[in-house]
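Peer 1: First the structure, then my questions, so here it is.
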Amino acid sequence: MCGVFGAYSPRPEPLLEDVYLGLYALQHRGQESAGVAWINGDGMAKTVKGMGLVHDALNQHELSQQETRVAIGHVRYSTAGGSLAANAQPLVATYARGPVGIAHNGNLTNGKAIAQYLESRGAIFQSTTDTEVIIHLMAHQAHKPPLEALIGALRRLVGAYSLAVLLEDRLVAARDPWGFRPLVLGKRGDVTYIASESCALDIVGAELIRDVEPGEIVVVDEKGIRSLRIPVEPKRHFGCAFEYVYFARPDSIIDGRSVYAVRKELGRLLAKGSPCPGANLVTGMPDSGTLAAMGYAEESSIAYEKAIVRNRYVGRTFIQPTQRVRDLGVRIKLNPVPHLMEGKDVVVVDDSIVRGTTAQRIVTLMRGCGARNVHLRIASPPVRFPCYYGIDTPVSEELAAARMDIEGLERQVGACSLAYLREEDLFEAIGRGRNDVCTACFSGHYLEGKEIDHDLDL
Ligand code: SF4
């Protein structure tokens, strides 16, 4: 997880305000740090970064005083490299060919191998993020013009990357050939935007033009918008299913599919595959289980209520870095509405079970409020495997569904019944075939070996 945003205007204007707003809309994708970078009037790359939420890390008033033609921004949630100020993005450097700034969403599966290779040739890394290898790969090709050096770097990367790049006075968007993470292009007048999700275009009043395609590089400069390809063999689309299930905002459209519509459909298909006769109330775990719960209720003709209230001022438990903070987060974050629970047979729909902490806690709370029976329905298949493509799912030993079977998990969380969405229903809701979407954290089917065989020689 991470969110990236970029803006290009043919003339200097206060673009950093747009970047600030865009990052605000992408806050759900990363809460550990936030930063912006831009090219100033002297052609120098400037950056401001800080730890915490966008409004803590950045000063909106100060940013709005700057005028520039090109700017990028990033909200971070660490997957590769720790939660450190040195790892906050955008990463900015000036190498032999000029300034470069990179904001990266994703995780490079060959990042360590490239870093070791470059270190053996004398490179000194400033951070522990995999993103820095892109800048070093460019610096090792200083004999080429910057755009060619960037393309030369990208063709050596394996894994997930959706990038917003400052390259001299150009804005560049790039999406890995598998299309793991989303990336979209937008326009407002003659200002061009790139963003992790379309919800960030809405906030600046920009219109969604299209997705950046897997394997595409989009260059925006004074000549207009150009589309190039990363020079590797085309790959099968491997877009992350979890973006639809949990990560993305429901008002976003990813690869042409509304996240809102997919989530409701997941709920409908869950109700068809795992009905709950006798239940008289459906509710959703706020917020990511809400839409699936509405779909479940509609399909099964059971009343829907917002019977679990979430404290809006607590961050997502899933992306807090330690178990202790996660436990505290669940305790202060969710509460059932007691009078809605009294004597009811309740179906609770959640998007997924990761460690099982939240599910167990909420079932206990609901029973404490008088619910007669609590049935848990999960709008995705069991998460049994870690993600290597930019989502910080725990190692298998910490994943509840990897440690025990469904009956064991049912007992552990204290639910009367527990059922998951079938894998084929996930494909149906997303509207893509089994081979066109990544479900590795459910199935264990990662990229095949031949797809990670790259020549590093520079
Ligand atoms: S492994 Fe899971 S979370 Fe990671 S990219 Fe694939 S579907 Fe998404």
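Peer 1: Taking region 154-191 only, how many residues are small (Gly, Ala, Ser) and either away from the ligand (no atom under 16 Å from the Cβ) or surrounded by fewer than 24 Cβ atoms within 10 Å (Cβ to Cβ) (or both)? Break it down stepwise before answering.
Peer 2: Looking only at region 154-191, we keep the residues that are small (Gly, Ala, Ser), and these are 159-160, 162, 164, 173-174, 179, 186, 189.
Still in the list and also either away from the ligand (no atom under 16 Å from the Cβ) or surrounded by fewer than 24 Cβ atoms within 10 Å (Cβ to Cβ) (or both): 159, 164, 173-174, 186, 189.
Counting residues in region 154-191 that are small (Gly, Ala, Ser) and either away from the ligand (no atom under 16 Å from the Cβ) or surrounded by fewer than 24 Cβ atoms within 10 Å (Cβ to Cβ) (or both) gives 6.
Peer 1: Scan region 1-40 for residues that are part of a loop (DSSP other than H, G, I, E, B) and of a type outside the set (A, V, I, L, M, F, W, C) and report the count.
Peer 2: Step one: list which residues in region 1-40 are part of a loop (DSSP other than H, G, I, E, B), which gives 1, 14, 26, 30-32, 40.
After this cut, where a residue has to be of a type outside the set (A, V, I, L, M, F, W, C) as well, the list is 14, 30-32, 40.
Here the count works out to 5.
Peer 1: Residue 391: touching a Pro at 6+ places or on another chain (Cβ under 8 Å), at pLDDT below 95 and surrounded by 21 or more Cβ atoms within 10 Å (Cβ to Cβ), yes or no?
Peer 2: Details: touching a Pro at 6+ places or on another chain (Cβ under 8 Å): no; at pLDDT below 95: yes; surrounded by 21 or more Cβ atoms within 10 Å (Cβ to Cβ): yes.
So residue 391 does not fit the description; no.
Peer 1: Please find, among 134, 151, 114, the residue that is under 30 Å from residue 204 (Cα atoms) and in contact with a helix residue (DSSP H, G or I) (Cβ under 6 Å, 6 or more places away or on another chain). Break it down stepwise before answering.
Peer 2: Numbers: 151 fails: in contact with a helix residue (DSSP H, G or I) (Cβ under 6 Å, 6 or more places away or on another chain); 114 fails: under 30 Å from residue 204 (Cα atoms).
Criteria check complete, one pass: 134.
Peer 1: Follow-up. Residue by residue through region 148-167, note down the ones that are under 22 Å from residue 178 (Cβ atoms) and more than 24 Å from the chain's Cα centre (by Cα). Even if it seems obvious, please write down each step before you answer.
Peer 2: Applying the first criterion (under 22 Å from residue 178 (Cβ atoms)) to region 148-167 yields 150-165.
152 - this is the single residue of region 148-167 that is under 22 Å from residue 178 (Cβ atoms) and more than 24 Å from the chain's Cα centre (by Cα).
Peer 1: Of the residues 261, 173, only one is over 22 Å from residue 8 (Cα atoms) and modelled with pLDDT of 95 or more; which?
Peer 2: Numbers: 173 fails: over 22 Å from residue 8 (Cα atoms).
On inspection, the qualifying residue turns out to be 261.
Peer 1: Counting residues that are over 25 Å from residue 1 (Cα atoms) and either away from the ligand (no atom under 16 Å from the Cβ) or in contact with a strand residue (DSSP E or B) (Cβ under 6 Å, 6 or more places away or on another chain) (or both), which strands (runs of 3 or more DSSP E) fully inside region 326-438 reach at least 3? Outline the logic, then answer.
Peer 2: On the way: elements: 334-336, 345-350, 373-378, 417-420.
In region 326-438, 345-350, 373-378, 417-420 are the strands (runs of 3 or more DSSP E) which contain 3 or more residues that are over 25 Å from residue 1 (Cα atoms) and either away from the ligand (no atom under 16 Å from the Cβ) or in contact with a strand residue (DSSP E or B) (Cβ under 6 Å, 6 or more places away or on another chain) (or both).
Peer 1: Tell me, which strands (runs of 3 or more DSSP E) lie completely within region 85-176 with 3 or more residues that are over 20 Å from residue 22 (Cβ atoms)? Walk me through it before giving the result.
Peer 2: Values: elements: 91-95, 98-105, 162-167, 170-175.
Strands (runs of 3 or more DSSP E) meeting the threshold: 91-95, 98-105.
Peer 1: Further question on the same structure: Inspect region 208-223 for any residue being within 16 Å of the ligand (Cβ to nearest atom) and under 23 Å from the mean Cα position of the chain (by Cα) and give the result as yes or no.
Peer 2: Quick first cut of region 208-223, residues within 16 Å of the ligand (Cβ to nearest atom) only: 214.
Narrowing the set further to residues that are under 23 Å from the mean Cα position of the chain (by Cα) leaves 214.
Yes, region 208-223 contains a residue that is within 16 Å of the ligand (Cβ to nearest atom) and under 23 Å from the mean Cα position of the chain (by Cα).
Peer 1: With (1) hydroxyl-bearing (Ser, Thr, Tyr); (2) at pLDDT below 90; (3) under 21 Å from the mean Cα position of the chain (by Cα) as the list, and residue 127 as the residue in question, which single condition is left unmet?
Peer 2: Here residue 127 clears every test but (3).
Peer 1: Can you tell me which residues in region 186-224 are touching a residue at least 40 places away in the same chain (Cβ under 8 Å), more than 25 Å from residue 251 (Cβ to Cβ) and not in a loop (DSSP other than H, G, I, E, B)?
Peer 2: 217, 219, 221
Peer 1: Would you confirm, using the coordinates I've provided, whether residue 41 is open to solvent by 10 Å² or more (accessible area, probe 1.4 Å), in contact with a Pro (Cβ under 8 Å, 6 or more places away or on another chain) and over 16 Å from residue 102 (Cα atoms)?
Peer 2: Working: open to solvent by 10 Å² or more (accessible area, probe 1.4 Å): yes; in contact with a Pro (Cβ under 8 Å, 6 or more places away or on another chain): yes; over 16 Å from residue 102 (Cα atoms): yes.
When the stated conditions are applied, residue 41 passes them.
Peer 1: Considering only residues that are open to solvent by less than 50 Å² (accessible area, probe 1.4 Å) and more than 16 Å from the ligand (Cβ to nearest atom), look in region 229-249 and name the one that is modelled with the highest pLDDT.
Peer 2: Looking at the filtered set, the residue picked out is 230.
Peer 1: Residue 273 is checked against (1) more than 16 Å from the ligand (Cβ to nearest atom); (2) touching a Ser or Thr at 6+ places or on another chain (Cβ under 9 Å); (3) at pLDDT 95 or above; (4) not aromatic (Phe, Trp, Tyr) and fails just one. What number does that condition carry?
Peer 2: Only one criterion in (1) more than 16 Å from the ligand (Cβ to nearest atom); (2) touching a Ser or Thr at 6+ places or on another chain (Cβ under 9 Å); (3) at pLDDT 95 or above; (4) not aromatic (Phe, Trp, Tyr) is unmet by residue 273, namely (2).
Peer 1: In the set 22, 52, which member is assigned by TED's automatic domain parsing to the domain that holds residue 219, free of Cβ contacts under 8 Å to residues at least 24 places away in the same chain and open to solvent by less than 30 Å² (accessible area, probe 1.4 Å)?
Peer 2: Details: 22 fails: free of Cβ contacts under 8 Å to residues at least 24 places away in the same chain.
Only one candidate passes the filter, namely 52.
Peer 1: Considering only region 109-128, how many residues are open to solvent by 10 Å² or more (accessible area, probe 1.4 Å), in contact with a strand residue (DSSP E or B) (Cβ under 8 Å, 6 or more places away or on another chain) and either of a type in the set (A, V, I, L, M, F, W, C) or within 14 Å of residue 74 (Cβ to Cβ) (or both)?
Peer 2: 1
Peer 1: Look at region 231-274 and say how many of its residues are in contact with a Pro (Cβ under 6 Å, 6 or more places away or on another chain) and of a type in the set (A, V, I, L, M).
Peer 2: So the answer is 3.
The values are calculated or read from the model by the stated rules, or taken from the named source; none is laboratory data. None of these values were measured; they are calculated from a predicted model. Don't worry about glycine lacking a Cβ; one is built from the backbone with ideal geometry, like all the others, and counts go over all protein chains shown. These accessible areas exclude ligands, DNA and RNA; they are computed on the full protein's heavy atoms, side chains included. Shrake-Rupley method; radii C 1.70, N 1.55, O 1.52, S 1.80 Å.
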